[in-house]
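Here is the structure we will look at, set down as structure tokens.
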Amino acid sequence: MLAVQYQHGISLLCRNGLYAGAFALLRPLTEAMFRGAWLRYAASDQELRDIANGKKFPDRGRIDRDLLKAKPRYALLREYLDRIYDDVLHDFSHGGHQQMWSRIQDGIIGEAHQVGNVKNLIHASCTLGYICSVEIATSCDSPAHAQRLQDLFRSLFPKPEDLDRLAEKTVENP
């Protein structure tokens with residue numbers, strides 16, 4: 001649910017033209033999704049107990065290797081995210097040069113994110129949010145609970161056909 005809440009935060013921030021915060025949330029959303037998948041598909045019973053008792057998660061490399069063995073589709077998702085964002089997720093989260101340069105245009109400091117960047121952010125975050133929603137719903141023993149989770153997802157996030165329109169609107173009229 002943590003990842004779903006991060007995605008909701010990204011959606012709300014974009015709708016209000018607060019792109020720096022929205023881009024900063026993409027890294028924790030990504031980490032929460034991959035950690036949740038690792039817990040569900042790759043962690044041993046002892047590792048689950050350790051995490052529940054406060055032990056830190058393994059590093060990204062270990063999580064990726066374990067998920068590649070257990071659920072190869074997560075490796076494809078990681079490749080997709082790396083292709084779009086390369087190594088900028090850390091920079092987005094910590095206000096580095098990517099965040100700074102996105103605000104400077106023609107020597108003026110402002111909020112100047114390009115439409116394409118906002119579209120990528122909204123598409124990527126909605127994709128991750130949807131995957132998390134499906135994972136949560138499919139792990140439920142109760143079909144009614146699973147349906148409530150899916151309905152919650154649909155109520156929180158933009159429909160696929162609205163994503164591009166939302167990105168263009170929020171960039172043009174922050």
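So, R0 is 35 Å and r is the distance between the beta-carbons of SER44 and VAL115; what FRET efficiency does that work out to, to 0.05?
In this case the efficiency is close to 0.20.
Give, as a single signed number, the net charge of other residues whose beta carbon lies under 14 Å from the beta carbon of ASP59, with Lys and Arg counted +1 and Asp and Glu -1.
Result for the local shell: +3.
Can you pull the Rg over Rh of segment 22-79, Cα-only, Kirkwood?
The Rg/Rh ratio comes out at 0.98.
Please sort 50-60, 68-78 by packing, taking for each peptide the average over its residues of neighbouring beta carbons within 10 angstrom, highest first.
Averaged packing, sorted descending, gives the order 68-78, 50-60.
Since every read-out is calculated from the coordinates, none of them should be taken as a lab result. This is a predicted model, so every value here is computed, not measured. Cβ atoms come from the backbone with ideal geometry, glycine included; neighbour counts cover every protein chain shown.
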